[in-house]
Structures are given as C-alpha cells and as structure tokens.
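Below is one structure, written out as structure tokens, with a few remarks after it.
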Amino acid sequence: MNNRLKEYFHFGKSERNAILIVILLVVILVLVPRIYIKYRTPEPFSDGSFAAEIDAFLKQEASVAQADQHSFDFTRPDRSALRDRFHPFDFDPNTLDQAGWVRLGFTEKQAGSILKFREKGGRFFKKEDLRKLYAVNDEIYALLEPFVRIESASSPAPGSENQPERSYPLNRFADEHTELNSSDSAGLVKVRGIGPAFARRIIRYREKLGGYSDARQLLEVYGMDSIRFSQISKGVFADASLIRKVNINTATMDELRAHPYIDYYIAKAIIDKRIRKGSYASPDELLEIPLIYEDLYIKLRPYLTVN
C-alpha cells in the first residue's frame, strides 16, 4: 500500500521543476499588482479646457444663486408671471367693457364670461365680489384690488344681504404726500393706488421692519409691483427718524430674527461675534461678518444701534 502511494505521489525531476515554476508564477501574479498599486503614484489627468469650463460654470451658478437669493420670492414663485401678464389701472368692474378687461390682462374668453355674468344681472357691490369670478384667484385679486373703483350707484337692491363697501369718491385722493411711518389706514387710502386691504399690508410690514427708511421698501410688500409702485410713490414718503431701532449689543436671538432682513444664521453670527469680541462700538463692525454683504448692510443700517 505504501509503495503504491509513493508511486502515485512520485514526481520526476522535470515534473518537480514544472510545479515550482507554476507556483512561482502564481505568487508573482498575486503579489506584483498589489506592490504596483501600493507604490505607484497615479498621474492626475489634466485637461485645461475642461477645467476652464467647470470654473466658468461654477461662477455662473454662484452669480445666479446670489441674484436669486436677493430678488426671488421663494414663497410666491408665480408672482413675477402675473406681473408680466396683468397691467392694472383704475376701473369699475360694473362698467368696464370687454376691451378693458383684456387690457387688464384677462383673455378674450375670460372677458366674455365676465360680460355674460353682468348681462344676466350680476353686479359687483364691493371689491371682494371679484373673487366670485372663476378667472380671479387670490393672486390676481391682490394685484387688482387697489385699482377697483366701484361707483356708489352700484348699490344692492333693497333687502339684499350684500351691502356695499364703504365708497370713496374718485377725487378723494390727497394732493399732499402721506408719511408712511405715522399714517394709519385712513391716511394711506388717500393715496391713489392704495386700497383698504393694501393699506393693512403696508402697516403689517411696517411693524415687522420697525418702520420704512425709504418709500422704495414698499416694493417688498406682498402684491406690490413696479407699475403700482410708480403710481403710489408719487403720494408717499418715509421719515427715517421714526424708525424703531434694534440694539445689536443687547438684542436676543429672537429679537434679531424678528426683523425681515435678518435670518437665523445672520442673527447667530451677530451674537457669536458679540460674545467673542465684546460689545459693538459701531454697527459698521457687522461688515466683518461674511454673511452680511454690503447691499444687505445698507438696508439694515437704518435699523441698527449700539446704544
């Protein structure tokens, strides 16, 4: 039995040499790639034109993102489309003809439907009645509301549940300028282009800001566009001395964040700098904070104090 095993496992010299060569080749094939990968430093691929394209793309994206951050209203992405479509002017919905509705921004079909509504006895007794129209949603109503002028003759029939809105004659607009920071709703509606609803929005935003430093800040009020502002701006001005200021040396996180121009990260940066370096000697020190770029600081400066 032992002799048979020896014969079975017995190799000649040439066979033994062949086995050793095979083993050596296997070892080389296994170890060489690992050694090569470990000690070889890969050469970076360099394409100058491709790198230039990437840099140009990143710069373009950064500029677009910065522009969008300053001007785009993320909560109302459809407002700009409505501003391009609608061109409001003073009108009486009870007498405006089809061409006038089209000139406002409605389609021919929508204007025809509105006229059919009137022909069947439909009337607009108050501004809010525009909401009953299928073609008028909240965004469109917000744009048109300050320009609606319903004549007092458009009154409901006796016993009707719809009572007319408080009417203002077309010559009710004041000749003098109205101060934005001290006027109440009654004073603001004397300005051509400002209705009761829009007056309330102006006052609400004024409370958030602490007052208007410039009449152009009305462009930040919901529903405002350049066309409406060009009409309103002729009758308003802002007294910056009436602004309610924020003391950046004592303001809390919540007090800073309450201002429309200051978000969470800016408020945190202001307080962190105050903790690290002590009280601010001047609001100008905020320019050392990377998050506060120059245009933002110009808007913020009237609202800041260190006293």
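With respect to the conditions (1) without any contact (Cβ under 8 Å) to a residue 12 or more places away in the chain; (2) more than 24 Å from Val191 (Cα to Cα); (3) open to solvent by less than 50 Å² (accessible area, probe 1.4 Å), Asn137 falls short on a single one, namely (3). In this structure, Asp225 does not qualify as surrounded by fewer than 15 Cβ atoms within 10 Å (Cβ to Cβ) and either among the acidic types (Asp, Glu) or more than 20 Å from the chain's Cα centre (by Cα) (or both). Scanning the range 240-260 for residues that are out of contact with any Ser or Thr (no Cβ under 6 Å at 6 or more places or on another chain) and polar (S, T, N, Q), we see that the one that is surrounded by the most Cβ atoms within 10 Å (Cβ to Cβ) is Thr250.
Those helices (runs of 4 or more DSSP H) of the range 1-72 in which 3 or more residues are farther than 30 Å from Leu291 by Cα and modelled with pLDDT of 75 or more occupy 13-39. Look at (1) in contact with a strand residue (DSSP E or B) (Cβ under 9 Å, 6 or more places away or on another chain); (2) in a helix (DSSP H, G or I) and you find that Arg276 fails only one, number (1). Of the residues in the range 188-197, at least one is of a type in the set (Gly, Ala, Ser), modelled with pLDDT of 85 or more, part of a helix (DSSP H, G or I) and in the same structural domain as Gln231 (by the TED database). Could you say whether any residue in the range 126-137 is of a type in the set (Lys, Arg), over 29 Å from the mean Cα position of the chain (by Cα) and more than 19 Å from Pro88 (Cβ to Cβ)? So far as the range 126-137 goes, no, none of its residues is of a type in the set (Lys, Arg), over 29 Å from the mean Cα position of the chain (by Cα) and more than 19 Å from Pro88 (Cβ to Cβ).
The values are calculated or read from the model by the stated rules, or taken from the named source; none is laboratory data. This is a predicted model, so every value here is computed, not measured. Virtual Cβ from ideal backbone geometry, glycine too; neighbours counted across all protein chains shown. Protein only, heavy atoms only, side chains kept; ligands, DNA and RNA dropped before computing areas. Shrake-Rupley method; radii C 1.70, N 1.55, O 1.52, S 1.80 Å.
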